[in-house]
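Please treat every number below as a calculation from the coordinates, not as lab data. Keep in mind it's a predicted model, so treat the numbers as computed, not measured. When we count neighbours, we look across all protein chains shown, and the Cβ atoms used for this are built from the backbone with ideal geometry, even at glycine.
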Amino acid sequence: MDKVLFWDFHGTLTWADSLWSKSLHQAALAIVPGCGITVQQVRDCLDNDGFPWHHPEKTYLQITEPAAWWNHVNRLFYTTCRRLGLTDAEACQIVPQVRARILDLGNYQLFDSAVQVLSDLRLNGWRHIILSNNFPELPDICEGIGIGSFFDEYIVSARVGYDKPRPEIFRLALDAAGSPQTCFMIGDNPEVDIIGAQAAGIPGILVNCRKSDGAAARQAAFRCQDLGQLSALLSNLLA
């Protein structure tokens with residue numbers, strides 16, 4: 001039996017607390033040490049609604065090259081700097097520094113059971129594919145934190161121009177997997193990962209969810225609060 005698991009990244013395999021706000025904050029302090037800006041101020045001023053994954057109704061086929069994708073996101077960082085009261089010259093120095101800080105491997109903490117679960121499932125015949133709304137360098141991050149060898153393919157929104165829960169990105173994942181006989185989407189976001197996958201015909205398994213009593217979470221056919229429970233759940237589902 002051909003068995004494939006599609007994996008979300010942030011919040012599912014790793015956690016990275018306030019990655020975007022903290023990275024911009026660090027860059028600002030490096031360029032303007034006496035600015036007195038706090039992480040909370042950056043968080044309040046950062047227009048999160050401008051990130052591509054917050055508007056999945058749009059397509060982003062025109063920015064699938066890394067430079068183009070980052071140029072798009074850099075406009076958000078520039079606007080945030082100006083909202084924080086930084087000058088145009090300061091903002092123009094800060095913005096190019098943010099990308100490197102976001103890609104710093106030290107930002108990414110794997111959940112305790114992630115490596116063991118990926119290894120056990122691979123030994124049990126499962127293939128793994130990343131399916132993530134994320135920046136184009138995500139495969140490099142996975143390699144850098146020691147989990148790259150587990151994944152056969154990477155379907156990353158910044159590389160394909162669609163963001164979950166759009167059906168196109170799930171179809172691309174199914175095509176990359178070779179239309180497997182058995183597959184599941186593993187993710188922590190009920191709306192984006194689970195409902196989106198199920199609408200595309202992929203059963204979803206909700207993990208690490210902090211909103212497990214919400215209406216969207218209740219639509220998940222399967223769930224486990226901790227990754228460590230995943231292997232047992234999959235075994236029971238296929239029994």
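The rows are residues; the columns are (1) surrounded by fewer than 19 Cβ atoms within 10 Å (Cβ to Cβ); (2) free of Cβ contacts under 8 Å to residues at least 40 places away in the same chain; (3) within 26 Å of ASN74 (Cβ to Cβ); (4) in contact with an Asp or Glu (Cβ under 9 Å, 6 or more places away or on another chain).
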position: ASN124; (1), (2), (3), (4): yes, no, no, no
position: SER132; (1), (2), (3), (4): no, no, yes, yes
position: PRO136; (1), (2), (3), (4): no, no, yes, yes
position: LYS164; (1), (2), (3), (4): no, no, yes, yes
position: ALA176; (1), (2), (3), (4): yes, no, no, yes
position: SER179; (1), (2), (3), (4): yes, yes, no, yes
position: GLY204; (1), (2), (3), (4): no, yes, no, yes
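Candidates are the residues of segment 96-119 that are outside any loop (DSSP other than H, G, I, E, B), surrounded by 16 or more Cβ atoms within 10 Å (Cβ to Cβ) and not aliphatic (A, V, I, L, M); the one that is farthest from the chain's Cα centre (by Cα) is GLN97. Of all residues in segment 1-57, those that are small (Gly, Ala, Ser), free of Cβ contacts under 8 Å to residues at least 60 places away in the same chain and within 20 Å of LEU76 (Cβ to Cβ) total 3. Taken over segment 58-87, residues that are assigned to a helix (DSSP H, G or I) and either touching a residue at least 40 places away in the same chain (Cβ under 8 Å) or hydrophobic (A, V, I, L, M, F, W, C) (or both) amount to 13. What do you reckon, is GLN62 surrounded by fewer than 18 Cβ atoms within 10 Å (Cβ to Cβ), among the polar types (S, T, N, Q) and either within 20 Å of the chain's Cα centre (by Cα) or at negative phi (or both)? When the stated conditions are applied, GLN62 passes them.
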